[in-house]
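Take a look at the structure set out below.
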Amino acid sequence: MAFIKLILFSLLLLGISKIQAQKHPVFYAGFEGYRHTDFENNSFGKFSVGSQIYQIKFFAPEIGFDYGGGSLSERTVFGDNFNIQDPRKGLLRQRFTYSVLTFNPKLKFGEEDAYITFSPKYHIGRLKGEAAYLEYRGDNNRYIGVKESEEAKFNTSFWSFAIGFEGLQITAKYWFALSLHYTLVDANEVWNTMEFSAEDAFMQSASTSTIGLGFRFYYNPFASKND
């Protein structure tokens, strides 16, 4: 019986070795840009680095680190003593950043140099929000100095989903990927805790869940004819 189990185990290992497309880690670096009209220049983005750990058939899990964020469009604050000649009282600025570890059970369908990919990626880490209330001085017609500032940090976790094309190959060691992303990151939780003494300087809320485009560069330092 033990001999039969040993034979079956050997056949299983042989089968896995034949279907395994990648035996060593593959490393990547990339950038994602997201379009959103609430943000300055209508966009925010993030950088990512990590590794595709292995690939067996269509299963190619990845782990990585993402750093991203953006700034809301600046908002003019109007004072209580509103007048046509000098209506402004101050300027409100808000921004957020996040640094997260990522776990992605990526699925790849297709040939070696032309894969369609689906990535349900889970993120866990820290979210940081910053806000500043700048005072306006009419005599020099500009905003000077930060009258008040707020900062908040929270633990965060969220999902993102991507569909892409991977396999724009330069050599066996280098290739690129393009993808369409939908992120569920929510920055409102950091701004919801902030407030300024001026009643009209209230925090803006913005849904940061939105669609974006991603570009990645992959590098396989272990590439060989047997890998």
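Counting only residues that are more than 23 Å from residue 97 (Cα to Cα), among the β-branched types (Val, Ile, Thr) and in a strand (DSSP E or B), how many does the range 20-53 have? Quick ask: steps written out before the conclusion?
Residues of the range 20-53 more than 23 Å from residue 97 (Cα to Cα): 20-27, 52-53.
From what is left, the residues that are among the β-branched types (Val, Ile, Thr) are 26, 53.
Restricting the remaining residues to those that are in a strand (DSSP E or B) gives 26.
Matching residues across the range 20-53 total 1.
Can you tell me which residues in the range 30-54 are open to solvent by less than 10 Å² (accessible area, probe 1.4 Å), under 24 Å from residue 110 (Cα atoms) and polar (S, T, N, Q)?
Result: 52, single match.
Return the residues of the range 166-200 that are of a type in the set (D, E, K, R) and under 22 Å from residue 45 (Cα atoms); say none if nothing qualifies.
Narrowing the range 166-200 to residues of a type in the set (D, E, K, R): 166, 173, 186, 189, 195, 199-200.
Result: 166, 186, 189.
Report yes if residue 82 is open to solvent by 60 Å² or more (accessible area, probe 1.4 Å), aromatic (Phe, Trp, Tyr) and modelled with pLDDT under 80, otherwise no. Even if it seems obvious, please write down each step before you answer.
On the way: open to solvent by 60 Å² or more (accessible area, probe 1.4 Å): yes; aromatic (Phe, Trp, Tyr): yes; modelled with pLDDT under 80: yes.
Judged against the criteria, residue 82 is a match.
Where the second residue is surrounded by 14 or more Cβ atoms within 10 Å (Cβ to Cβ) and small (Gly, Ala, Ser) and the first is in contact (Cβ under 8 Å) with a residue 24 or more places away in the chain and lies in the range 155-167, which pairs have Cβ atoms under 6 Å and are six or more apart or on separate chains?
Filtered contacts from the range 155-167: 162/119; 162/179; 164/177; 164/179; 166/177.
Hey, can you tell me all the residues within the range 112-125 that are open to solvent by 60 Å² or more (accessible area, probe 1.4 Å) and of a type in the set (D, E, K, R)?
The initial filter retains those residues of the range 112-125 that are open to solvent by 60 Å² or more (accessible area, probe 1.4 Å), namely 112-113, 116, 118, 122, 124.
Once the filter is applied, which keeps residues that are open to solvent by 60 Å² or more (accessible area, probe 1.4 Å) and of a type in the set (D, E, K, R), the range 112-125 yields 112, 113.
Residues are listed down the side, and each one gets a yes or a no for (1) more than 19 Å from residue 57 (Cα to Cα); (2) surrounded by 13 or more Cβ atoms within 10 Å (Cβ to Cβ); (3) modelled with pLDDT of 90 or more:
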| residue | (1), (2), (3) |
| --- | --- |
| 102 | yes, yes, yes |
| 110 | no, yes, no |
| 127 | yes, yes, yes |
| 132 | yes, yes, no |
| 149 | yes, yes, no |
| 183 | yes, yes, yes |
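Quick one: residue 160 ticks every box in (1) open to solvent by 70 Å² or more (accessible area, probe 1.4 Å); (2) under 16 Å from residue 208 (Cα atoms) except a single one, so which number is it?
(1)
Please pick out the residue among 59, 96 that is open to solvent by less than 40 Å² (accessible area, probe 1.4 Å) and at pLDDT 85 or above.
Details: 59 fails: open to solvent by less than 40 Å² (accessible area, probe 1.4 Å).
Testing whether each residue is open to solvent by less than 40 Å² (accessible area, probe 1.4 Å) and at pLDDT 85 or above leaves just 96.
The values are calculated or read from the model by the stated rules, or taken from the named source; none is laboratory data. None of the values given here were measured: they were computed from a predicted structure. Backbone-built Cβ (ideal geometry, glycine too); neighbour counts: all protein chains shown. The accessibility values were calculated without ligands, DNA or RNA, using every heavy atom of the protein model including side chains. Shrake-Rupley method; radii C 1.70, N 1.55, O 1.52, S 1.80 Å.
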